[in-house]
1. Please count how many residues of region 56-97 are at positive phi and touching a Leu at 6+ places or on another chain (Cβ under 7 Å).
2. If you take the residues in region 4-34 that are surrounded by 13 or more Cβ atoms within 10 Å (Cβ to Cβ) and part of a strand (DSSP E or B), which one is farthest from the chain's Cα centre (by Cα)?
3. For region 35-73, give me the residue count where each residue is among the polar types (S, T, N, Q), more than 17 Å from Gly104 (Cα to Cα) and not in a strand (DSSP E or B).
4. Exactly one condition in (1) of a type in the set (S, T, N, Q); (2) touching a strand residue (DSSP E or B) at 6+ places or on another chain (Cβ under 9 Å); (3) farther than 20 Å from Val116 by Cα is false for Thr93; which is it?
5. Are there any pairs, at least 6 apart or on different chains, whose C-beta atoms fall under 7 Å, with the first in region 72-86 and surrounded by fewer than 12 Cβ atoms within 10 Å (Cβ to Cβ) and the second modelled with pLDDT of 85 or more, and if so, which?
6. Could you check region 35-50 and list, in sequence order, the residues that are under 18 Å from Gly80 (Cα atoms) and buried (at least 20 other Cβ atoms within 10 Å of the Cβ)?
7. Could you go through region 20-32 and let me know if any residue there is within 15 Å of Asn113 (Cα to Cα) and modelled with pLDDT of 95 or more.
8. Output the qualifying pairs, or none if there are none: Cβ atoms under 7 angstrom, residues six or more apart or on different chains, first residue in region 21-37 and closer than 20 Å to Leu74 by Cβ and in contact (Cβ under 8 Å) with a residue 40 or more places away in the chain, second residue hydrophobic (A, V, I, L, M, F, W, C) and outside any loop (DSSP other than H, G, I, E, B).
Amino acid sequence: MGDAYALKFLDASFDVLINNFMFDLLPEADFGLVLAEFRRVLRPNGRLVLVNMAKGDSLQHKLWDAIYRIHPSLMGGCRGVALSASVAQAGFTKLQRDLVSQCGFPSEIIRANRPVATA
């Protein structure tokens, strides 16, 4: 556990960083700050794996969005987010995104890498 805004690890400490269902709780304005911190602690070519509640187009996905808008606490404060653009803007490469749904609950799995520095 720790503060995603200020991880208490040295730069380039990890080969893999996995984060599950946190971004759907954060203000969108903070996505870049947290992703920059994730990038900092990953080694060059280190892998980032994110899982979060996703925005979807199906009727079931729209139902989850409506519940959040009406009463966020019924969703545990979680709402669907679109994270791929923020991951790319944070400088990650080799981005892959999969949308999965279990019982109509939409989630996305994003995989990306910290780029290798070139001279």
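1. The qualifying residues number 1.
2. Here the answer is Phe14.
3. 1
4. With respect to (1) of a type in the set (S, T, N, Q); (2) touching a strand residue (DSSP E or B) at 6+ places or on another chain (Cβ under 9 Å); (3) farther than 20 Å from Val116 by Cα, Thr93 is out only on (3).
5. What qualifies is Gly77/Leu25.
6. Of everything in region 35-50, those that are under 18 Å from Gly80 (Cα atoms) and buried (at least 20 other Cβ atoms within 10 Å of the Cβ) turn out to be Leu35, Leu50.
7. No, the conditions are met nowhere in region 20-32.
8. What qualifies is Phe21/Val51; Phe21/Met53; Phe23/Phe31; Phe23/Leu50; Phe23/Val81; Asp24/Met53; Asp24/Val81.
The values are calculated or read from the model by the stated rules, or taken from the named source; none is laboratory data. A quick note: this is a predicted structure, and the numbers were derived from the prediction, not measured. Here Cβ is always computed from backbone atoms with ideal geometry, including for glycine, and neighbour counts include all displayed protein chains.
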